[in-house]
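The values are calculated or read from the model by the stated rules, or taken from the named source; none is laboratory data. Bear in mind the structure is a predicted one, so any value in this text is a computation, not a measurement. Ligands, DNA and RNA are stripped out before the accessible areas are found, and what is left, the full protein with its side chains, is counted by its heavy atoms. Shrake-Rupley method; radii C 1.70, N 1.55, O 1.52, S 1.80 Å.
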Amino acid sequence: MAHREFSNALRRTDKSACTADVPPPPRTSLDETVSRLVYCYWGLHSKRLDDEGRIVAFSTWPIWCGPLPDRPEAEGSPSGTDAPFAGITIVGDHCIADDVEALRNAAVASRSLGPSSQLRWVRGGWR
């Protein structure tokens, strides 16, 4: 259908056929579980590139909300820290980055807080 025909067909659409007034289906336990999902971020540093410039070996580490406290009573803290990195805000059990720059800075700061995993690309047969 040509663009003009499609546009004209849209203008002729009966507005009573819209589904905006139809209530959403009832929420299921799966919907509730998915709504509680959180994001986890990991830093990545390339270690080796192939001849085409693709990453074939890298290190990765979790991005933390802030440094882990030395105090034993803080171990149960849901966010794991009582001193979040700049631009990171603790909200309930989670941390929220104010912006992408805060997340990037937390990635750099988190790199020294624990071990990183060393990984490499084994096979690229699907390419």
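Observations on the structure shown:
- Selection from the stretch 103-122 of residues that are open to solvent by 100 Å² or more (accessible area, probe 1.4 Å) and not in a loop (DSSP other than H, G, I, E, B): Arg104, Val108, Gln118, Arg120
- Flag: Glu32 matches the condition of being in a helix (DSSP H, G or I) and either open to solvent by less than 90 Å² (accessible area, probe 1.4 Å) or at pLDDT below 55 (or both).
- Residue check, Glu52 on the phi < 0 side of the Ramachandran plot and at pLDDT below 80: no
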